[in-house]
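These notes concern the structure reproduced below.
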Amino acid sequence: MMTPRIDIAGEGALIVYLGDQVSPKLAATISALLPQIKATLGDALVDLVPSYNSILVQYQPLKTDHFAVRFQLTQLLSQQLNQQSDSGNTRLVKLPVWYSEESGPDLTRLADNAGLSTDNVIELHQQSQYRVYAIGFAPGFAYLGEVDERIAAPRLATPRKKVPTGAVAIADRQTAVYPAPSPGGWNLIGLCPHPMFDKSAQSPMPVAVGDTVQFYAIDKDEFLRLGGKVEAFR
Amino acid sequence: MNQLVIENPGLLSLLTDQGRFGKAHLGLTTGGPMDPFAFNLANALVGNSSNATVIETTLGNLSLKAECDCIIAVTGAVSPVNIDGAGHALWQSHQVKRGQTIELGQPGQGLRNYLAVGGGFNVETEFGSTSTVLRESIGGLRGGKLQQGDKLAVGQSAESARCRALPESAIPDYGAMHPLRLITGYQYQDFTDTSRQRFFASEYKISPQADRMGYRLSGPAIPSGLNSMLSEGIALGAVQVPADGQPIVLLNDRQTIGGYPKLGSVLSLDCASLAQWGPGTRISFKPVSIELAHNLLHLHQARLTRLLRQLEREHD
């Protein structure tokens, strides 16, 4: 792993780079650091934005300053590197998916392009355990990686105007569940009935950065029974 | 009912408090007032707490009917304010009687106005804030912009209504142009010397794609030399440069993460200036150190604290 680097991001923000290569181990290191940074910065912390290989640390420049924050982060990082971060010990979240041409309009094309059957694609998508590397783009949108390279697929040349809630999608080696209707250029292979962002719920998202996700197949009846809704794809 | 009713919402009127902080782990951005100084003063002029909910309008044309006696103040862009057709000054609080109509016209200078009411607007918070973010459909009423017929409940005013005015010398001049101060950082070192020099030496024009999310600029292209990078957290004011080399200044409603190279971030005080400038305005950038940035913020805060104390004293 590369030596962590701390760069200036703005008047009240430093960004910590913890590696060059996306890996589950790096994701584990990042999620282990988050509570420690919170505890260390206390009420001078505004927010933390974890991502694939970095953490953006936003602080209140009227309560502290960049020298102090950089010093605190450097100290934390040197302690962290002495510890062996345990990449196996994360929460596993299982999410149901109704895979079909009806619920995933790109499934057949993706399979054809990959020289696989649709059953193969569905199987490969369920086989891997995925890390939550980042959350962003829209509320509740979790970037999961990485899918088996045989089912990796480039984004659509022309994004759809509307991707429905719950759409399970692949872009390159990433996969995700759309938390709400939005435009989108990812390849759609199924629908997940489990809400990914419920603003009225105590915990609005079923996953957090660093968690592990695995998908399992359900049929249309089960999808509907679990509260899934079939919306039109455009 | 203690409420104000929207008769005409204008182009874009949004309910907002200071913003939504600490929710990036859910992918939620901060939102909040594009011109925090004007927002703070609007609340102070009507005796509100610093996080009370106000209306932010872009390009004015807002009208409301008061269904209760109240005190209001409008700050920000140079726009006409009328109460039942009679002109009233900006940066001052005014008594409004039940049945009167408050009209905010189109700004001559600046884009955004803040209308505060004594007691604040009573709005349910979502994720700890009332700030409306249209892209996320969160905050305000229904997560959307204000519409004709919307009824805005007025909170209990903490003190008896008294009118006060900001000293003329403290009113910002939105027509005064100045370079945007940029704290270099992020991928700054990955841009070539030529690109960096060109960026600071050139003039950019604010393009028509300028909104609460970000201001897209047009001018000399700044190629970054970076082909691909991993998405990472975006700070307020970050200047990102997509493949076409045209910089974008990311503002309050920016996405929390993004994968374009960035030169650094514009000082928040200058993000507020930028947010009052419209498409076609010519702007430039100048680099400042993080130390200077911190000093400028402390000076600004000291000045704001002094003004707020002065307004409080005026009330006693």
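The values are calculated or read from the model by the stated rules, or taken from the named source; none is laboratory data. Note that the coordinates shown come from a computational prediction; the quantities given were computed from them, not determined experimentally. All Cβ positions, even for glycine, are placed from backbone atoms using ideal geometry, and neighbour counts span all protein chains on display. Note: accessible area is taken over every heavy atom of the protein model, side chains too, but ligands, DNA and RNA are not part of it. Shrake-Rupley method; radii C 1.70, N 1.55, O 1.52, S 1.80 Å.
Overall, segment B:3-174 carries a charge dipole of about 180 debye about its Cα centre when +1 sits on the Cβ of Lys and Arg and -1 on the Cβ of Asp and Glu, all other atoms neutral. Provide the per residue accessible area, probe 1.4 Å, for segment A:5-83, rounded to a whole number of square angstrom. Heavy-atom accessible area per residue stands at 40 Å².
Structural descriptor for segment A:3-114: relative contact order 26 percent, calculated from alpha carbon pairs under 8 angstrom and at least 6 residues apart. Residue B:303 to residue B:211: FRET efficiency via 1/(1 + (r/R0)^6), r the Cβ-Cβ distance, R0 30 Å, to the nearest 0.05? So the FRET efficiency works out to roughly 0.55.
Rounded to the nearest 500, the 222 nm mean residue ellipticity of chain A from helices alone is -8000 deg cm²/dmol, with -39,500 (n - 2.57) taken per DSSP H run of at least 4 residues. Here the alpha carbons of chain A define both size measures, Rg and Dmax, at 19.5, 59 Å.
Would you work out what percent of the accessible area of the protein assembly as shown, with all protein chains in place, is carbon or sulfur (probe 1.4 Å)? Carbon and sulfur atoms account for 49 percent of the accessible area of the protein assembly as shown.
With an 8 Å Cα cut-off and a minimum separation of 6 or more residues, compute the relative contact order for chain B in percent.
Values: 803 pairs, mean separation 62.2, N = 316.
Once divided by the residue count of chain B, the mean separation gives 20 percent.
Our summary gives chain A a relative contact order of 20 percent, counting only alpha carbon pairs under 8 angstrom and 6 or more residues apart.
Remark: the protein assembly as shown carries a charge dipole of roughly 560 debye about the Cα centre, counting +1 on each Lys and Arg Cβ and -1 on each Asp and Glu Cβ.
For the residues of A:43-50, the average number of beta carbons from a partner chain within 10 Å of their own beta carbon is 5.
By the compact-protein rule of thumb, 2.2 N^0.38 Å, the alpha-carbon radius of gyration of chain B corresponds to a ratio of 1.02. Accessible surface buried at the B:A interface totals approximately 3000 Å², computed with a 1.4 Å probe on protein heavy atoms. Only Lys, Arg, Asp and Glu carry charge here, each on its Cβ (+1 for the first two, -1 for the last two); on that basis segment A:5-83 has a dipole of about 200 debye about its Cα centre.
Dividing the summed -39500 (n - 2.57) terms of all DSSP H runs of n ≥ 4 by the residue count of chain B sets its mean residue ellipticity at 222 nm at -5500 deg cm²/dmol. A dipole drawn for segment A:5-83 from +1 and -1 charges on Cβ atoms has a positive end, and of A:77, A:49, A:14 the residue lying farthest that way is A:77. Inter-chain neighbour count for A:197-210: the average number of beta-carbon atoms from partner chains within 10 Å of each residue's beta-carbon is 2. Estimated translational diffusion coefficient (Stokes-Einstein, Kirkwood radius over Cα pairs, 10 °C, 1.306 mPa s) of segment A:92-225: 109 µm² per second. Computed from backbone phi, the HN-Hα couplings of segment B:200-209 come to 7, 8, 9, 9, 10, 10, 5, 7, x, 7 Hz, rounded to whole numbers (Karplus: 6.51 cos²θ - 1.76 cosθ + 1.60, θ = phi - 60°; Gly and Pro given as x). Using alpha carbons only, the radius of gyration of segment A:5-83 set against its Kirkwood radius gives Rg/Rh = 0.94.
Using a 1.4 angstrom probe, figure out how much accessible area chain B has per residue, in square angstrom, rounded to the nearest whole.
On the way: 12590 Å² over 316 residues.
Ligands and nucleic acids excluded, the figure is 40 Å² per residue.
Counting Cβ atoms of other protein chains within 10 Å of each Cβ in B:18-30 and taking the mean gives 6. Segment B:260-314 and segment B:2-50 have Cα centres separated by 18 Å.
In square nanometres, what is the average projected area of the Cα convex hull of segment B:215-278? Don't jump to the answer; show the numbers that get you there.
On the way: hull surface 17.3 nm².
One quarter of the hull surface, i.e. the mean projection, equals 4.3 nm².
Computed across the protein assembly as shown, the Kirkwood radius stands at 25.0 Å (inverse of mean 1/r, all Cα pairs).
For segment B:180-296, what does the convex hull of the Cα positions come to per residue, in cubic angstrom?
Details: hull volume 10.7 nm³, N = 117.
About 91 Å³ per residue, rounded to a whole number.
Computed from the Kirkwood radius of its Cα pairs, the Stokes-Einstein diffusion coefficient for segment B:128-241 at 25 °C and 0.890 mPa s stands at 128 µm²/s. Centre-to-centre separation between the Cα atoms of segment A:8-75 and those of segment B:55-98: 43 Å.
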